[in-house]
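**Student:** Take this structure, written in structure tokens, and hold onto it; I'll ask about it next.
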Amino acid sequence: MKKTFLLAMALLISMGASAQNKSDKNLPEIDVTETKRFEPISVAEHATIEYIPLETTADFLLDGVAGALINVTDSYIVTVNNQEGRIFVFSRKGKALHAFSHKGEGPEDFVYPYAVRVDEKSKEIFVLDQKKVQVYSLNGKYKRSLNFPENISIGAMFNYDNKHLICYDNYNLDRPGEKVAEQPFFLFSKKDGKITRIPVNIQNRLGNRIYAVEDGKKMVFTMPNIAPMVKNGDEVVLSDMGSDVVYLYKKGKVTPLLKRNPGTMDYNPRSAMGVVMKLGDIVWLREMKKEIKGPRPNINMLTYNLASNELNSLVVMDDVNFTYPHSVQNRNERQELPYNCTSANFQPELLKKLNEQGRLKGRLKELTEEMQEDDNPIILLYKYK
């Protein structure tokens, strides 16, 4: 009986692996090192815009970084000033609701808020710290701590569903000879911190550190703008930098989306790839070699249309608010937004300057003229059709 059971299990595993390999082989293949000319996408033609001026009070003073690291739900906007450890909660319309900080070394504190996510249904805020996730109410009351094992390091974290966060494990990456997890993506229970690995196996994983020697000194650089995981509504794109395949994770199901060819191992130094945004059928990709040459890294920016199989380099241009089209941020790997949305935050000082130069128009121009230079930023939420 035991022998029959083991044989059946082996057959099922074999069938599953065969199906995975088959699906990978049938994927569209793209050369992410190919250079494409930038092609503009008109906001006027493809999106509507929601304007959200964030209320300014003595307790709600954001800087540029805090305005960029946002979570937008149906009812709330939550952001954080990482350096000060201060978390801000606004209504969806931008009204200031709660501001708090638990930066410290006590059991209810966090040392540094690497990421902050909000669960609108439970009205809870999840703060990623060094070896734990701290959970607070919207007004900052401590609720519980979710610890994770010593051999796990969370490099990215998003809200996934009512019961889980979804995370990326980068423990021991860029440490030659050290063991790394072959399944880096996992669900993290919001109740008790239980970990459930997502069945995406990555061989020869790649970290984001670049080691170099300049003038006889050892230097460490971080590869910018390449993310292992991005979220679009209830979709999560999984794109480990060492993987040739990009996956979609939705409603508990893993679906391969595309494959790079040549692969990451075909280059020396290795080539890293990550998805930084997905809107509908279009994914925004970044690729760069794991090396530093010159003052800036050479990053190749591409877009791939999953429906038409077209490889381009699309750039979203705001021709609604600017007299001369202004490029919109083509990445949202650090933000959590509604489905098919991107955001931009504009500081009053910059808007005032642009308005004086005659470069603003429409609703953004009207709001700028009502602002003071020390006000909080305006959030523009672009909703793509």
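Let's see how each residue does on (1) within 22 Å of ASN232 (Cβ to Cβ); (2) touching a strand residue (DSSP E or B) at 6+ places or on another chain (Cβ under 6 Å):
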{"position": "THR56", "(1), (2)": "no, no"}
{"position": "LEU61", "(1), (2)": "no, no"}
{"position": "VAL78", "(1), (2)": "yes, yes"}
{"position": "ILE87", "(1), (2)": "no, yes"}
{"position": "LYS95", "(1), (2)": "no, no"}
{"position": "LYS103", "(1), (2)": "no, no"}
{"position": "VAL116", "(1), (2)": "yes, yes"}
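**Student:** Which of the residues spanning region 359-385 are farther than 20 Å from VAL328 by Cβ and either exposed (fewer than 15 other Cβ atoms within 10 Å of the Cβ) or aromatic (Phe, Trp, Tyr) (or both)?
**Tutor:** GLU369, GLU370, GLN372, GLU373, ASP374
**Student:** While we're looking at this one, here's another question. Determine which single condition TYR112 fails, assuming it passes every other condition in (1) in contact with a Phe, Trp or Tyr (Cβ under 9 Å, 6 or more places away or on another chain); (2) at pLDDT 95 or above; (3) at negative phi.
**Tutor:** Against the list (1) in contact with a Phe, Trp or Tyr (Cβ under 9 Å, 6 or more places away or on another chain); (2) at pLDDT 95 or above; (3) at negative phi, TYR112 comes up short only on (1).
**Student:** Right, something else. Go through region 212-246 and report how many residues are β-branched (Val, Ile, Thr) and either touching a residue at least 60 places away in the same chain (Cβ under 8 Å) or crowded, with 22+ Cβ neighbours inside 10 Å (or both). Walk me through it before giving the result.
**Tutor:** Initial filter on region 212-246 (β-branched (Val, Ile, Thr)): 213, 220, 222, 226, 230, 236-237, 245-246.
From what's left, either touching a residue at least 60 places away in the same chain (Cβ under 8 Å) or crowded, with 22+ Cβ neighbours inside 10 Å (or both): 226, 230, 236-237, 245-246.
Number of matching residues: 6.
**Student:** Right, something else. Can you find a residue that is part of a strand (DSSP E or B) and either among the basic types (Lys, Arg) or modelled with pLDDT of 95 or more (or both) anywhere in region 319-326? Step through it out loud before you land on a result.
**Tutor:** Going through region 319-326, the residues part of a strand (DSSP E or B) turn out to be 322, 326.
Checking the rest, the ones that are also either among the basic types (Lys, Arg) or modelled with pLDDT of 95 or more (or both) come to 322.
Checked region 319-326: at least one residue is part of a strand (DSSP E or B) and either among the basic types (Lys, Arg) or modelled with pLDDT of 95 or more (or both).
**Student:** Within region 47-62, take every residue that is in contact (Cβ under 8 Å) with a residue 40 or more places away in the chain and outside any loop (DSSP other than H, G, I, E, B) and give me the one that is farthest from LEU279 (Cα to Cα).
**Tutor:** Quick first cut of region 47-62, residues in contact (Cβ under 8 Å) with a residue 40 or more places away in the chain only: 47-56, 59-62.
Imposing the further condition that a residue be outside any loop (DSSP other than H, G, I, E, B) reduces the set to 47-53, 60.
Working: ALA47: 11, THR48: 14, ILE49: 15, GLU50: 17, TYR51: 20, ILE52: 21, PRO53: 24, PHE60: 32 Å.
Step by step, filter region 47-62, then rank; the result is PHE60.
**Student:** Which one of these is more than 19 Å from THR342 (Cα to Cα), in a strand (DSSP E or B) and of a type in the set (Asp, Glu): GLU287, GLU291?
**Tutor:** Details: GLU291 fails: in a strand (DSSP E or B).
Checking each option against the conditions leaves just GLU287.
**Student:** Residues in region 261-277: is at least one part of a helix (DSSP H, G or I), of a type outside the set (Phe, Trp, Tyr), at pLDDT below 95 and in contact with a Ser or Thr (Cβ under 7 Å, 6 or more places away or on another chain)?
**Tutor:** Checked against the condition, which is being part of a helix (DSSP H, G or I), of a type outside the set (Phe, Trp, Tyr), at pLDDT below 95 and in contact with a Ser or Thr (Cβ under 7 Å, 6 or more places away or on another chain), region 261-277 yields at least one hit.
**Student:** To continue, here is another question. Look at region 227-253 and say how many of its residues are assigned to a loop (DSSP other than H, G, I, E, B) and under 10 Å from VAL275 (Cβ atoms). Break it down into steps so the answer makes sense when it comes.
**Tutor:** Initial filter on region 227-253 (assigned to a loop (DSSP other than H, G, I, E, B)): 227-228, 233-234, 239-244, 251-252.
Now drop any that are not under 10 Å from VAL275 (Cβ atoms), which leaves 227-228, 239.
Qualifying residue count, region 227-253: 3.
**Student:** Out of the residues in region 52-73 that are closer than 14 Å to SER343 by Cβ and in contact with an Asp or Glu (Cβ under 9 Å, 6 or more places away or on another chain), state the one that is surrounded by the most Cβ atoms within 10 Å (Cβ to Cβ).
**Tutor:** Only one residue fits best here, namely ILE70.
**Student:** Going residue by residue through region 105-123, is there one that turns out to be under 21 Å from PHE90 (Cβ atoms) and acidic (Asp, Glu)?
**Tutor:** yes
**Student:** Let me ask another. Return the pairs, sorted by first residue and then second, in which the second residue is part of a strand (DSSP E or B) and surrounded by fewer than 16 Cβ atoms within 10 Å (Cβ to Cβ), the first residue lies in region 67-87 and is in contact (Cβ under 8 Å) with a residue 60 or more places away in the chain and among the β-branched types (Val, Ile, Thr), the beta carbons are less than 9 Å apart, and the residues are 6+ apart or on different chains.
**Tutor:** Hits for this filter: ILE77/SER91.
**Student:** Now for a different question. Restricted to region 74-112, and to residues that are assigned to a strand (DSSP E or B) and among the aliphatic types (A, V, I, L, M), which residue is surrounded by the most Cβ atoms within 10 Å (Cβ to Cβ)? Break it down into steps so the answer makes sense when it comes.
**Tutor:** Here is the first cut: in region 74-112, the ones assigned to a strand (DSSP E or B) are 76-81, 86-91, 96-101, 103, 110.
This time we only want the ones that are among the aliphatic types (A, V, I, L, M), so: 77-78, 80, 87, 89, 96-97, 99.
Details: ILE77: 23, VAL78: 22, VAL80: 23, ILE87: 25, VAL89: 23, ALA96: 16, LEU97: 16, ALA99: 19.
The extreme case among them is ILE87.
**Student:** Can you say whether LYS251 is surrounded by fewer than 16 Cβ atoms within 10 Å (Cβ to Cβ), without any contact (Cβ under 8 Å) to a residue 60 or more places away in the chain and farther than 19 Å from ASN340 by Cα, as far as the supplied structure shows?
**Tutor:** Working: surrounded by fewer than 16 Cβ atoms within 10 Å (Cβ to Cβ): yes; without any contact (Cβ under 8 Å) to a residue 60 or more places away in the chain: yes; farther than 19 Å from ASN340 by Cα: no.
The answer is no for LYS251.
**Student:** Right, something else. Name the residue, out of ASN305, ASN332, ASN345, ASN321, that is surrounded by 14 or more Cβ atoms within 10 Å (Cβ to Cβ) and within 30 Å of VAL220 (Cα to Cα). Give the derivation first.
**Tutor:** Values: ASN305 fails: within 30 Å of VAL220 (Cα to Cα); ASN345 fails: within 30 Å of VAL220 (Cα to Cα); ASN321 fails: within 30 Å of VAL220 (Cα to Cα).
None of the other options fit; the residue is ASN332.
**Student:** Hey, another quick one. In region 343-357, how many residues are part of a strand (DSSP E or B) and either touching a residue at least 40 places away in the same chain (Cβ under 8 Å) or of a type in the set (Ser, Thr, Tyr) (or both)?
**Tutor:** In the first step, residues of region 343-357 are kept if they are part of a strand (DSSP E or B); the result is 343-346.
Those left that are additionally either touching a residue at least 40 places away in the same chain (Cβ under 8 Å) or of a type in the set (Ser, Thr, Tyr) (or both): 343, 345.
Residues that pass the stated criteria total 2.
**Student:** Right, next: GLU150 - would you say it is surrounded by fewer than 16 Cβ atoms within 10 Å (Cβ to Cβ), touching a strand residue (DSSP E or B) at 6+ places or on another chain (Cβ under 9 Å) and closer than 27 Å to TYR171 by Cα?
**Tutor:** Details: surrounded by fewer than 16 Cβ atoms within 10 Å (Cβ to Cβ): yes; touching a strand residue (DSSP E or B) at 6+ places or on another chain (Cβ under 9 Å): no; closer than 27 Å to TYR171 by Cα: yes.
Judged against the criteria, GLU150 is not a match.
Yes or no, residue by residue, for (1) surrounded by fewer than 19 Cβ atoms within 10 Å (Cβ to Cβ); (2) touching a residue at least 24 places away in the same chain (Cβ under 8 Å); (3) acidic (Asp, Glu); (4) in contact with a Gly (Cβ under 7 Å, 6 or more places away or on another chain):
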residue	(1), (2), (3), (4)
TYR114	yes, yes, no, no
GLU124	yes, yes, yes, no
VAL127	no, yes, no, no
LYS141	yes, no, no, no
SER145	yes, yes, no, no
ASN159	no, yes, no, no
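The values are calculated or read from the model by the stated rules, or taken from the named source; none is laboratory data. Just so it is clear, the model here is predicted, and its values are computed rather than measured. Virtual Cβ from ideal backbone geometry, glycine too; neighbours counted across all protein chains shown.
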